[in-house]
Structure formats: structure tokens, C-alpha cells
Amino acid sequence: MAWDFSTEPEFQQQLDWMRDFVREEIWPIETVFEDLGQDGFERAIAPLKEQVKERGLWAAHLPPDLGGQGFGQVKLGLMHEISGSSMFAPSVFGNQAPDSGNSEVLAMAGTEDQKEQYLYPLLAGDLRSAFSMTEPENAGSDPTLLQTTAELQGDEWVINGHKWFSSNASVADFLIVMAVTDPEAHKYQRASMLLVPVDTPGVTIVRDIPTMEHPYEHFGRIGGHSEILYEDVRVPKDALLGARGAGFLIAQQRLGPGRIHHCMRWLGVSRRAFDMLCERSLTRYSHGSLLSEKQTVQNWIADSAAQMQAARLMTLHAAWKMDTEGASAARQEIALIKFYGASVMHDVVDRALQIHGSLGYSTDLPLEAMYRFARAARLYDGPDEVHRQSVARQILRGYEAPADGVPSEHVPTRREAARERFADLLEAVTAND
Ligand SMILES: Cc1cc2nc3c(=O)[nH]c(=O)nc-3n(C[C@H](O)[C@H](O)[C@H](O)COP(=O)(O)OP(=O)(O)OC[C@H]3O[C@@H](n4cnc5c(N)ncnc54)[C@H](O)[C@@H]3O)c2cc1C
């Protein structure tokens with residue numbers, strides 16, 4: 001009977017070390033990030049990355065032959081729960097989005113040359129990557145509508161298109177571009193992935209789009225979301241990542257781990273906000289009592305704890321299923337936690353912000369930034385509605401409509417059948433009356 005909720009003691013020691021390390025070494029960087037700028041930030045985290053490597057926790061999501069630790073998704077989930085508390089910590093641990101998902105694609109679909117050129121330097125932290133799929137003109141939630149094209153001309157692919165929200169593209173060294181290579185093929189076999197160095201002629205990073213998370217326009221900073229023009233971009237034939245026409249297949253395999261990594265990080269955000277909620281309730285006094293003594297606040301604490309526990313177990317369960325049965329088998333579990341986890345993070349952060357009143361709304365606390373971050377989670381890697389739809393469809397496959405249209409639990413119909421079945425007994429009981 002294997003049904004175990006405990007963590008191995010040796011790994012628990014690593015997690016304990018991580019918790020202190022993230023809080024003491026990485027949280028302080030958040031407060032001076034604007035002053036440091038991108039270069040200063042890289043210098044600040046360089047010695048921290050070395051400590052993580054010495055500790056054997058670097059790039060934990062990949063197998064040892066690719067320079068990772070081969071921990072699998074469950075251990076990674078427990079790690080991300082801690083590193084997710086700060087948007088900078090995943091970079092220090094070598095598994096920040098989108099590089100973690102992109103390295104999994106390279107590991108899975110890349111040729112040995114592509115691994116040499118892109119994967120190993122990515123894992124070493126010497127290169128950065130971006131995933132360039134969404135286009136402003138088409139619904140990103142339905143990637144069969146993609147319009148960017150890659151045409152094979154002689155020994156080169158020629159890429160033309162317009163993308164946006166390619167996260168980290170303005171600090172990336174290379175892009176994984178999703179483009180239509182076979183317009184006449186089946187709608188799920190039209191697109192392929194291509195590896196494009198950012199400095200290839202014809203690639204223009206137009207801007208980092210100001211967003212709810214970063215309302216003021218900056219260029220070339222980690223966490224930016226770029227708009228990109230691809231105009232007659234020429235890359236060699238062997239820039240194709242995976243098989244021609246396999247773009248959707250690979251995207252599904254990439255997005256599975258990528259989504260679960262996000263969900264794991266959200267546990268860390270929720271926990272940090274929850275701690276702030278509880279702490280504030282014990283100090284703020286209003287209308288004759290501490291906020292912790294108000295039933296509404298107690299409900300917030302209890303509801304948040306319940307939701308976080310549910311999200312944590314769902315996330316770890318999805319991770320466990322990925323480890324034991326593979327990403328495809330865990331599709332439903334991943335879709336479930338993608339939309340549920342996003343809503344839990346939003347609710348917990350919202351309550352923590354509310355209890356702090358105007359202080360919560362101010363930038364004197366990280367809550368308003370967490371709130372803006374949380375809102376995006378309901379959109380990226382597929383909006384809530386698409387994941388709900390996918391979960392509902394998968395669940396409904398296990399049901400069929402009753403032939404006569406009568407609900408199978410219809411009591412009068414069941415009673416009639418039961419009366420026939422127990423006719424003798426019912427008759428005897430009636431005769432005894
Ligand atoms: C912070 C952030 C980072 C991102 N990073 C990347 C990245 O690195 N690379 C990349 O390629 N893209 C990235 N994206 C883009 C993201 O993947 C898309 O925004 C997402 O797929 C939705 O596409 P869309 O914005 O075109 O919305 P649309 O597809 O236009 O959808 C708009 C809305 O329509 C509704 N809707 C859509 N389909 C359905 C349905 N079936 N049923 C009911 N309602 C529906 C939903 O409410 C949805 O929110 C990022 C986005 C954000 C916000």
C-alpha cells in the first residue's frame with residue numbers, strides 16, 4: 001500500500017536549507033532590484049547560483065546526463081514551493097520560466113548538436129531563452145490559428161510573422177519560434193518549432209509590452225514580455241526543433257511540465273501572502289479587538305488554509321502522476337491544478353491585501369505586486385476557460401446519456417424496478433400488517 005505523504009529526511013534537510021537561503025539571500029534582492037538593473041542583478045545572484053550548485057540543487061528538473069539532478073516533478077514541486085515565494089529565486093536555482101520548460105523541450109526533441117549549442121549553455125546559466133508562440137492578431141488560446149510562417153527555401157527556413165508576449169525575449173539569446181511550415185496539413189500538424197538566435201537579421205524585438213505587472217515601459221529586463229517582428233528571418237534547415245509538423249505535439253509536452261512548474265511556484269506566493277495575512281491579524285486593532293478575533297478574518301485564514309492545502313495536494317498529485325505515468329497521462333490533473341491553483345493564489349493574495357488596508361495597496365508591501373502577478377496566472381499557458389473546458393470534456397468521456405433520456409437516479413423509475421425485484425418481500429410485509 002504505497003500512499004505516502006512524507007518527505008525523505010535527507011531531502012527535507014535540503015528543503016530546510018533552501019527555505020532559509022531564499023528568505024535570507026534572495027528576498028532582500030527584491031527591494032533593490034530597480035536600483036541594481038539587469039547587470040547588477042546578474043552580478044548579485046552569481047555567487048548565490050554557485051552555492052545552489054555546491055548544494056546539488058541546480059537545474060533539478062532535468063536528468064543527470066543533462067547536467068540536472070534528476071529529482072523528478074514531486075521533489076521539484078517541493079523545491080518550487082519555496083523558490084516560488086520570490087520571482088527571483090527560480091533564476092538562482094536554474095529553473096526559471098521560460099528556460100525550465102524550454103530546456104525540457106531541447107532535452108526531449110533536440111539533436112545532439114542543438115543540445116551542445118543551446119541546451120547545455122542554457123542549463124549552465126550562460127544562455128537565456130524565450131518561447132515565441134502567441135500572436136496579437138489571433139486567439140492565443142487556439143494555436144491552430146497561428147499565422148507566422150516558416151518556408152523552406154533551399155537549405156534555409158525563411159520566417160515571417162508577428163508575435164507578442166514572448167516572455168524574457170528582450171534578455172534572451174535564442175528564441176523557440178512556433179511557425180506554420182505545412183499549411184495544407186491537418187490542423188494539428190501544420191506547425192513546427194524552430195531555434196532562432198535573437199541576433200539573426202530580420203528579428204526585431206519591438207518592445208517589452210507594459211503590463212499590469214510592469215506598467216511602465218522598460219526594455220531588456222528579466223520578466224519582460226516582448227513584441228517581436230520576424231521579417232524574412234533566415235535560419236539553416238537544421239534549426240528545426242523536433243520533427244517537421246510536430247510543433248503542437250512538442251508544445252503539449254512542453255506546456256505540461258511548464259504549467260505544473262507555475263502551479264508549484266504559486267504555492268510559494270500563496271504561502272508568503274498567507275503568512276502576511278496571519279501576522280497582520282495579530283497586530284492590527286480595530287472596533288474593540290484584534291483583527292484575528294473577527295470572525296470574517298478567521299474565515300479568511302481557515303478558507304485560505306483549506307484552499308492552499310487542496311492546491312498543494314493537487315499539485316503534488318499531478319507531479320507524482322507525471323513522474324510515474326508521464327506528462328500525457330497527467331493532462332487532466334495538470335489542467336485541473338492550472339485553473340484551480342491560479343484562483344487559490346488570487347484569493348489568498350487578495351485577502352492578505354485586504355487585511356492590510358491601504359498599506360496592502362501600497363508598494364510598501366509586496367502584496368500589490370503579488371496581486372498583479374496573480375492576475376496573469378489566469379491567462380498564460382492557457383486561460384482558465386480553456387482548461388475548464390478540457391477537464392470537462394475529459395470527464396464527460398466517462399459518461400453516456402441514458403438511452404431513454406430518464407436520469408439513471410430517477411427515484412420513481414428506480415422504485416418501480418425495486419418493487420418488481422422485491423415483490424415477494426413487499427407482499428409478505430403487507431400481509432403481516
Ligand atoms: C504574463 C504573460 C506571459 C506570457 N508568456 C508567453 C510566452 O512566453 N510565450 C507565448 O507564446 N505566449 C505567452 N503569453 C501569451 C498567453 O499564452 C496568451 O495570452 C494566452 O494563450 C491567451 O491568448 P490570447 O491572449 O490571445 O487570448 P484569446 O485567445 O484571445 O482569449 C481571450 C479570452 O477568451 C476566452 N476564451 C478563449 N477560448 C475560450 C474557450 N474555449 N471557452 C471559453 N472562453 C474562451 C477566455 O476568457 C480568454 O481569456 C503570455 C501571457 C501573459 C499574460
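The values are calculated or read from the model by the stated rules, or taken from the named source; none is laboratory data. Everything quoted here is computed from the prediction, not taken from an experiment. Please note: Cβ atoms are built from the backbone with ideal geometry, for glycine as well, and neighbour counts cover all protein chains shown.
Key figures
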item	result
Answer residue from the range 271-297, given it is acidic (Asp, Glu) and within 26 Å of MET87 (Cβ to Cβ) and is surrounded by the most Cβ atoms within 10 Å (Cβ to Cβ) among those	GLU279
Selected residue (only one of ALA139, ALA44, ALA97 is within 16 Å of the ligand (Cβ to nearest atom), surrounded by fewer than 22 Cβ atoms within 10 Å (Cβ to Cβ) and under 23 Å from ALA369 (Cα atoms))	ALA97
Single match in THR134, THR144 (criterion: within 15 Å of the ligand (Cβ to nearest atom), more than 21 Å from THR111 (Cα to Cα) and not in a loop (DSSP other than H, G, I, E, B))	THR144
Verdict on ARG372 being charged (D, E, K, R), within 15 Å of the ligand (Cβ to nearest atom) and over 20 Å from ALA310 (Cα atoms)	yes
Test result for PHE88, buried (at least 24 other Cβ atoms within 10 Å of the Cβ) and modelled with pLDDT of 85 or more	no
Matching option when the condition is part of a loop (DSSP other than H, G, I, E, B), away from the ligand (no atom under 12 Å from the Cβ) and out of contact with any Ser or Thr (no Cβ under 7 Å at 6 or more places or on another chain), among ASP424, ASP404, ASP381	ASP404
Options SER91, SER103; residue that is within 16 Å of the ligand (Cβ to nearest atom), part of a helix (DSSP H, G or I) and closer than 19 Å to VAL177 by Cα	SER103
Per-region count, the range 118-132, residues buried (at least 19 other Cβ atoms within 10 Å of the Cβ) and out of contact with any helix residue (DSSP H, G or I) (no Cβ under 7 Å at 6 or more places or on another chain)	0
Positions within the range 348-378 being small (Gly, Ala, Ser), in a helix (DSSP H, G or I) and in contact with an Asp or Glu (Cβ under 9 Å, 6 or more places away or on another chain), in sequence order	ALA352, GLY360, ALA369, ALA374, ALA376
Top-ranked residue in the range 357-405 [being under 20 Å from SER85 (Cα atoms) and among the aromatic types (Phe, Trp, Tyr); ranked as surrounded by the fewest Cβ atoms within 10 Å (Cβ to Cβ)]	TYR361
Top-ranked residue of the range 70-83 - restricted to ones that are within 18 Å of LEU255 (Cα to Cα) and of a type in the set (Gly, Ala, Ser), ranked as modelled with the highest pLDDT	GLY77
Enumeration of residues in the range 9-33 that are surrounded by fewer than 10 Cβ atoms within 10 Å (Cβ to Cβ) and either over 17 Å from SER83 (Cα atoms) or in contact (Cβ under 8 Å) with a residue 12 or more places away in the chain (or both)	PRO9, GLU10
Residue within the range 204-226 that is over 25 Å from the mean Cα position of the chain (by Cα) and surrounded by 16 or more Cβ atoms within 10 Å (Cβ to Cβ) present	no
Hits in the range 149-165 (condition: within 12 Å of the ligand (Cβ to nearest atom) and buried (at least 21 other Cβ atoms within 10 Å of the Cβ))	GLY161, LYS163, PHE165
Residue that is closer than 30 Å to ALA59 by Cα, touching an Asp or Glu at 6+ places or on another chain (Cβ under 6 Å) and among the hydrophobic types (A, V, I, L, M, F, W, C), where the choices are LEU127, LEU194, LEU175	LEU127
Checking ILE334 against (1) touching a residue at least 40 places away in the same chain (Cβ under 8 Å); (2) surrounded by fewer than 21 Cβ atoms within 10 Å (Cβ to Cβ); (3) not charged (D, E, K, R), the condition it does not meet	(2)
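One line per residue, one yes/no per condition, for (1) farther than 30 Å from GLY94 by Cβ; (2) more than 16 Å from the ligand (Cβ to nearest atom):
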{"position": "SER167", "(1), (2)": "no, no"}
{"position": "ALA172", "(1), (2)": "no, no"}
{"position": "ALA185", "(1), (2)": "yes, yes"}
{"position": "PRO197", "(1), (2)": "no, yes"}
{"position": "GLY202", "(1), (2)": "yes, yes"}
{"position": "GLU217", "(1), (2)": "no, no"}
{"position": "SER226", "(1), (2)": "no, no"}
